[in-house]
Structures are given as structure tokens and as C-alpha cells.
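Take a look at the structure set out below.
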Amino acid sequence: MMLYAATSNAGKLRELLMAREGSGLTDLNVEVLPNLRDIAPPAEDGATYEENAATKAVYYSGFTTGLVLAEDSGLEVEALGGAPGVRSARYAGVGATEAANNALILESLAGQANRRARFVSVAALARRGRLIQSVRGEVSGLILTELRGDRGFGYDPLFFYEPFACSFGELTPERKFEVSHRGNALRALFREWSGGLDLGH
Ligand code: IMP
């Protein structure tokens, strides 16, 4: 069976491949949705990750007869009332660089003692315009006062994971995947899949 990923983010795709490896679903192949780059993306302006992930999965599933997986994620900082949340990719403005987003987090938390934060990921599965399943994963950590590590992407260098005593930016992709929000969401999705989901036709 083929599962099409509606993402051009190499990091997300790698995590999806790792999740498939560990899932025991041996006849499942994962590929990026063909022609993804030629398809105009839908607006990601939902109020929740669930809404955005479902919108993307349902929309892209209109371009194939196969199963489509989409994911939406973000960083939620407690002292910022959960910001940047669903606006994580554009926290410092539409088209903002990762460096600008990270700098704004540091600036917004200057002098703030409460550094608690979490990453959230929602993975949604759809076929032929119908949402099949949506699953959420989370991971808790602390926002550092400076960047640490140059692995990973996005807010990884600012996200300190206490059980490993290092930032996500210092972890190999495999080690990050063991505990990450996306790893948790994808593992939960494949667990439900293995348990028997109505995948439609
Ligand atoms: P999305 O592609 O719309 O889901 O955007 C999610 C945004 O949240 C990304 O651009 C990153 O800024 C941030 N983000 C989500 N997951 C991660 C992660 O695993 N590490 C670092 N940043 C992340």
C-alpha cells in the first residue's frame, strides 16, 4: 500500500519514514505526493493544528486516489500564553526566517523565569476528500536563553529536553524522533492503523 506525504519538508518526511520503519506495517510504502510542488497550497489559517492538518490532508487527497498524510505543528510557550502556536512558522512575520523566529522568542522571553514550553504535532490521514483519522503528539521542554546545537530545524536549538539534558538542536534525527511530538503523533497514528482503521477505497 502507498502512503503519500503532503510535505516538502525533508525533516518531516524523514520522521515519517522512521515511523513507518517502527510500525510493523511492512507492506506500506511512503513517498512524497507526486507533483506536490505544482499544486497551489491551501490556506493554513485554522485556529488549531487539527484544523490545519485536516484541511491539508483532505485538500491534497483530492489530487490522488491514494492515502494522503499531512501534518501541522508548532511551539507553545507557557509564558507567552501558548504563542506562537499555530503561527509558529510565521511568528516574526510571513516568510520569516528560522533565525528571526528564534530571535523573537528570545526577545519575548527576556527576563522571564518561566521557560516552560511544548511542541505539538497533529498528523491527519485522508483519502479522496475524506478525513480518516487525526492524531496529536506532544513533548515538553524548556526554552533556553541562547541557541544550542545546529542539528534539526526551526526552534530545535532553543528547545531544551530535560530527560536528555540537551537541546533538540543537539540531537541526531533518530534520537529526536524517539521523543519528539511528531514521533509521538506518527507512532500513535500507525498504532491505530495496525489496530484496524477504515482506510476507505
Ligand atoms: P508547519 O510546517 O506549518 O507545521 O510549521 C510548523 C512550524 O513550527 C515550523 O516552521 C517550525 O518553526 C515549528 N516546528 C514544528 N515542529 C518543529 C520541530 O520539530 N522542531 C523545531 N521547530 C518545529
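The values are calculated or read from the model by the stated rules, or taken from the named source; none is laboratory data. From a predicted model like this one, the values you see are computed outputs, not experimental measurements. Positions of Cβ are backbone-derived with ideal geometry, glycine not excepted, and every protein chain shown enters the neighbour counts. Each accessible area value is taken on the protein alone, full model and side chains, heavy atoms only, with ligands, DNA and RNA left out. Shrake-Rupley method; radii C 1.70, N 1.55, O 1.52, S 1.80 Å.
Before moving on, here are some points about what is shown:
- Cα gyration tensor, the chain - rounded (a/c under 1.5), prolate or oblate: prolate
- Summary of packing: across the peptides 101-110, 35-44, the per-residue average of other C-beta atoms within 10 Å ranks them, highest first, as 101-110, 35-44.
- Once the C-beta distance of residue 194 and residue 47 is scaled by a Förster radius of 35 Å, the resulting FRET efficiency is 0.65 to the nearest 0.05.
- Solvent exposure of the range 2-194 amounts to 47 Å² per residue of accessible area, where only protein heavy atoms count and the probe is 1.4 Å.
- Assigned charges on the beta-carbon of Lys, Arg, Asp, Glu; the chain dipole about Cα centre (debye): 220 debye
- Residue-averaged [θ]222 nm for the chain, counting only DSSP H segments that reach four residues, each worth -39500 (n - 2.57): -9500 deg cm²/dmol
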